[in-house]
Amino acid sequence: MTDMEREVDSIHDETYFRELLDKYQNLVYSICLKATQNPFDAEDLTQETYIAVYKSLSTFDRGYEKAWICRIASNKCLDFLKSAKRRVQPAEEEVFLKLEDTKGSPEDTYLKKESREYVLSLCGQLKEPYKTVAIEHFYREKPASQIAGERGKNTKTIQTQIYRAKAMLKKAVKEEGA
């Protein structure tokens, strides 16, 4: 094929392409719009369809142009929808619903605060050395080894004081409830 023949074929292809564009533009757009439900995406997909048509114009059977163009548009839409599922951004509400509630309800927060204050008041009623050890262990939630280290005492001594303080606290709770 000579350069002149190629140029003539190219001109025929471009003319034919313009005819296809004019003839099927609305059909291709409506296919893309129906698939995406978004006019902007439909416009982009319509353009992508016609780019694909133009690139493969020389290999295409002109007797089946409508079916061929519709098939290209459908495939472009399917590819777009598959990739759209991967890049979906969740709505704000969905994000907040999935967040774990670390604080709990206002009622839970109030009850926790109330029970901590109750523990502190009960521990405050004990005599030394049980008072300090009970506050450190039951209110501030420190382990016996940490309390022993801070007070310069043996861990076994602190454990014994915690055990006795716990028994005294149980007795105080029973007396209040009775």
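The values are calculated or read from the model by the stated rules, or taken from the named source; none is laboratory data. As the structure is a prediction and not an experimental result, all values here were calculated from the model. Cβ placement follows ideal geometry from the backbone for every residue including glycine, while neighbour counts extend to all protein chains displayed. Remember, those area values only see protein heavy atoms, side chains included, never the ligands or the DNA or RNA. Shrake-Rupley method; radii C 1.70, N 1.55, O 1.52, S 1.80 Å.
Within 10 Å, count the other beta carbons around each residue, average over each peptide in 57-70, 153-166, and list them highest first.
With the highest mean Cβ count within 10 Å placed first, the list reads 153-166, 57-70.
Would you list Tyr139, Tyr110 from the most to the least accessible area, probe 1.4 Å?
Tyr110, Tyr139
Which value in nm describes the separation of the simple spin-label points at Tyr118 and Ser30, placed 7 Å from the Cα toward the beta carbon?
For Tyr118 paired with Ser30, the spin-label model returns 7.2 nm.
Ranked by accessible surface with a 1.4 Å probe, highest first, in what order do His12, His137 come?
Output order, biggest surface exposure first: His12, His137.
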